[in-house]
Amino acid sequence: SDAPAATAAATAAEPVDSSVEGQLTAAEALCATIRADIASVEAALAGAAPAFADLLATCTKINGGVGKLQGSLDEISIGSIEDEEQRNAAKTRRKKLNAAVEEELMAAGNAVRSKVVKAKNAAGQ
């Protein structure tokens, strides 16, 4: 089984700053990276000669990033914040990130992968 390796990889990927603020900031950065990757695939598809293997690899990275983002959001312990105003602000940030995952990134990641596959097939590759 790859469980120990997966656990080690997950542990190594945790943000250095384990505070709620650090976790939210890392999640927001990952969200921005995923959006940028989706935009880069869209732009490459509009180009003259897309490198389909590279685009499919980026699509895999996007899907992995969405899964990682989802998992990291589940692990943020906002209840540990004593100050109510800070706790509410953290809840709002996490809620916004969850909405981005569920309402935007999952669908956009799947849609861009479908576009790549369709273009690759149309190009006879």
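The figures follow:
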| quantity | calculated |
| --- | --- |
| Selected residue (only one of Glu84, Glu102, Glu28, Glu75 is charged (D, E, K, R), over 26 Å from Asn121 (Cβ atoms) and in contact (Cβ under 8 Å) with a residue 60 or more places away in the chain) | Glu28 |
| Some residue of the range 80-103 being aliphatic (A, V, I, L, M) and more than 22 Å from the chain's Cα centre (by Cα) | yes |
| Matching residues, the range 61-120, being under 13 Å from Val41 (Cα atoms) and of a type in the set (Ser, Thr, Tyr) | Ser114 |
| Residues of the range 63-76 that turn out to be surrounded by 15 or more Cβ atoms within 10 Å (Cβ to Cβ) and within 11 Å of Asn98 (Cα to Cα), as a count | 5 |
| Answer residue from the range 93-120, given it is more than 17 Å from Cys31 (Cβ to Cβ) and β-branched (Val, Ile, Thr) and is most open to solvent (accessible area, probe 1.4 Å) among those | Val117 |
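Condition check ((1) touching a Lys or Arg at 6+ places or on another chain (Cβ under 7 Å); (2) hydrophobic (A, V, I, L, M, F, W, C); (3) at pLDDT 95 or above; (4) open to solvent by 80 Å² or more (accessible area, probe 1.4 Å)) across all residues:
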site	(1), (2), (3), (4)
Gly47	no, no, no, no
Thr58	no, no, yes, no
Lys61	no, no, yes, yes
Glu84	no, no, no, yes
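The values are calculated or read from the model by the stated rules, or taken from the named source; none is laboratory data. The shown structure was predicted, so the numbers you read here are calculated from the model rather than taken from an experiment. No Cβ is skipped: glycine too gets one built from the backbone with ideal geometry, and neighbour counts run over all protein chains shown. To get the accessible areas, we keep the full protein, side chains included, count just its heavy atoms, and leave off ligands, DNA and RNA. Shrake-Rupley method; radii C 1.70, N 1.55, O 1.52, S 1.80 Å.
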